[in-house]
Amino acid sequence: MSQSTTAGEYDVKAAFLYNFAKFVEWPDRSFASVQSDFTICVLGSDPFGRTLDDALEGKMIGSRRVKLERVKDAARARQCQIVFVSASDSRRLPEIIGQLRGASVLVVGETDGFAQAGGTVQFTLEEDRVRFMINPDAAERAGLRLSSKLLALAKIVHDDAGGRS
């Protein structure tokens, strides 16, 4: 039973990762060229299995083809538009957030305190449903513009990472 719950949970999270891209504006500088793919990366151990591959296959964001990469370090993740930080790397979260600072990356995770630690979006489970929190401070630091429609669906949290004075 918990295995099917987990599979269902990651199906929903995979769909959210793709749909987040429709409600966020990235600055032009976040792409190498106008022909560049829209890249979604998983940093650390991949909890999705084939679910994320299947959810993204053949998808487009605007005129850009969606590409999935699995990366092991934050330096490589700076080239992605969305980075899902696996729970396996939660101990390194401050280091990862620091390495991604200044990059136009939507940083998504699922560990407790992720958004308050400087992540942009944190998945949560409430009554067995996937929900999410958004840290607008982190989005602003990354130069990302979040749709009011997306913000209306989220619980808003702020961080201690220094987005405000």
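Candidates are the residues of the stretch 24-64 that are within 16 Å of Ser86 (Cα to Cα) and hydroxyl-bearing (Ser, Thr, Tyr); the one that is surrounded by the most Cβ atoms within 10 Å (Cβ to Cβ) is Thr51.
Table: residues versus (1) aliphatic (A, V, I, L, M); (2) touching a Leu at 6+ places or on another chain (Cβ under 9 Å); (3) more than 24 Å from Ile97 (Cβ to Cβ).
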site: Asp11; (1), (2), (3): no, no, yes
site: Phe23; (1), (2), (3): no, yes, no
site: Arg29; (1), (2), (3): no, no, no
site: Ser45; (1), (2), (3): no, no, no
site: Thr51; (1), (2), (3): no, no, yes
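In summary, helices (runs of 4 or more DSSP H) completely within the stretch 47-120 and bearing 1 or more residues that are among the acidic types (Asp, Glu) and more than 27 Å from Val157 (Cβ to Cβ) occur at 51-56. Contact map, the stretch 50-74: residues that are farther than 17 Å from Phe31 by Cβ paired with residues that are part of a loop (DSSP other than H, G, I, E, B), Cβ distance under 7 Å, separation 6+ or inter-chain. Pairs shown: Arg70/Asp46.
If only residues of the stretch 13-34 that are outside any helix (DSSP H, G or I) and more than 12 Å from Gly62 (Cβ to Cβ) are counted, the one that is nearest to the chain's Cα centre (by Cα) is Pro27.
Taken together, the values in this text are just the output of simple stated rules run on the coordinates, not laboratory data. What you see is a predicted model, and the numbers here were worked out from it, not measured in a lab. All Cβ positions, even for glycine, are placed from backbone atoms using ideal geometry, and neighbour counts span all protein chains on display.
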